[in-house]
Each structure stands twice: as C-alpha cells, then as structure tokens.
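The values are calculated or read from the model by the stated rules, or taken from the named source; none is laboratory data. These figures come from a predicted structure and were not determined experimentally. Cβ placement follows ideal geometry from the backbone for every residue including glycine, while neighbour counts extend to all protein chains displayed.
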Amino acid sequence: MDSKRIAFVSVLGAALLSVAVDPVLAQGYSSTTERLIRTLNTQLLYAAIPITVLVEGILIYTVWKFRNNENPLPTKENRRLEITWTVATAIVLLFVGYASYGVMANEYVTTTPDDAKQIEGNAVEVEVVAQKYIWSYNYPQENVTGASTLVIPKDRPVYLNITSKDWLHAFHAPQLGLKQDAIPDQHNVIKTKPTEEGTYQVYCAEYCGVGHSNMLSKVEVVSQSEYQQWLQEQKQGQQGSGNNSSSGGNNSSSGNSTTTTASA
C-alpha cells in the first residue's frame, strides 16, 4: 500500500511540476500571442499525460486482476483513499487554473478596453474591416486606407481594431495565434507582436454566406525598413489616384463648358 501511494504521489508531483515549469520547446514562434498560447497548451498536455497513464494503468490492472472473479463484492469504504483523490484533483485544478490565468490574462491574448486605450508610442494601429466577402485594412496613423493585405512590422506591438460593415465575421490568423469577432457597429481590439517575418493566411472563422470559404486575406510580417517603404508606396498610390480623379473631373468640366458654348 505504501509503495502504491509513493508511486501515485510521484506521478502527481511530476504532473504538477510540468505545469509550473516552462517546457523546453523548439523556437520559431510567429508572434508573442502564438508563443503564449502554444506554451500553455504544451504545459497542460505534459500535465495530462502522466495523470492519464496513472488512471488508465489502474483501470487495466483492476480489470486484469479481477477478470476471473465470478462473485464480485461491493467496494468497501476507504475514507483515506477518497480524501486522497479529492485533494489530488483539487491540486491539479488549482495548478491548471493558475497556469491558464497567467496566459489568458496577458494583454497579448486578451486585450481589455483599458489596454486598447493605453497604446505605446511605437505601436502600430490597424483597423481591420470585414465585408462580404473581403478584408480591408486602414492605417489611421499613416493616412493609409483600403489595403487588401495586412502588412505589419516585426518586433513592434500591433493593435488590430476589428469591425464589420454588414454582417458577423471573424478575423482568424491561426499561425499568429489571432482570432477575434468582427461585429457591425462595434470594434474589438486584439494586440500582438510579430516575431518572425513571413506571409500568413487570414480566414473568416464565422459563417457569413455563400462566399464564406473564399473570404481570405494575407498578413505579411516585414522588417521595419520594408514596412516604411510599403507605407510610402501606399501613400504615393493614393495620392496618384486622387490626382487622376481630380484631373478627370476637370476634363469633364471642360467638356461641359465646350458643349455649352457650342449650343449657344
């Protein structure tokens, strides 16, 4: 009985230790948000494995030992055993809750309205607008609007202000650990910090109609210099578009004037 109790305590201790200590994982997370979420998932998995092995081992042992018992007797009350598994379960739940709270309360996973108001000086703000069946991105700090690809710099905090023009949608970039609902007349903010350059897929994670599966976009994480160059190109493109529209309007006015003169 003592040896079984020692084994049980040892397995339980190993499980709890795996929750408390960050596991050694391969590096290369795409964002701070992804790192937090995946580390938590791995910690909980490491905690669950020894507990699962222990419970299933006891079950298999019991089935095998009493496989030929034709007259099973009712289980006798064992208060010590009941107290042991009740306390052990409570401890496991406390550790899981503590580990989960440390991640879920992090501003890079759950962004509160207060976090959204206290934006750092070097942070990037992007308004993410959903509309059947496209995504568009506005950069209010830079006066850039209507971008079809979300371009953000590496190693800088990014605030995504997500909304919708027409229907329920959901911004989802799984490789970056990002997901948030897009609701008409409401802005939901998520914060992240990209840590790996690259191109990442964006999906709509809320069914929104026949074009739902094609409501795709891209996130491009680039260096700071590439980000500044991209912003400059966007501004020049918008200025050129504005000038062309103005020029077209002037040509139209000139044509109207000629027509009026001819009529006179």
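Things to note:
One line per residue, one yes/no per condition, for (1) in contact with a His (Cβ under 9 Å, 6 or more places away or on another chain); (2) surrounded by 12 or more Cβ atoms within 10 Å (Cβ to Cβ); (3) in the same structural domain as H169 (by TED's automatic domain parsing):
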residue: A47; (1), (2), (3): no, yes, no
residue: V92; (1), (2), (3): no, yes, no
residue: D114; (1), (2), (3): no, no, no
residue: V128; (1), (2), (3): no, yes, yes
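- Residues (aliphatic (A, V, I, L, M) and part of a helix (DSSP H, G or I)) located in the stretch 196-240: L231
- Residue count for the stretch 182-191, restricted to those that are surrounded by 17 or more Cβ atoms within 10 Å (Cβ to Cβ) and more than 16 Å from V124 (Cα to Cα): 2
- The residues of the stretch 183-231 that are more than 29 Å from T112 (Cβ to Cβ) and among the polar types (S, T, N, Q), listed by number, are T199, S213, N214, S223, S225, Q228, Q229.
- Residue check for N122: of a type in the set (S, T, N, Q), part of a strand (DSSP E or B), surrounded by fewer than 20 Cβ atoms within 10 Å (Cβ to Cβ) and on the phi < 0 side of the Ramachandran plot: no
- The one condition in (1) among the hydrophobic types (A, V, I, L, M, F, W, C); (2) assigned by TED's automatic domain parsing to the domain that holds Y159; (3) modelled with pLDDT under 95 that A262 fails to fulfil: (2)
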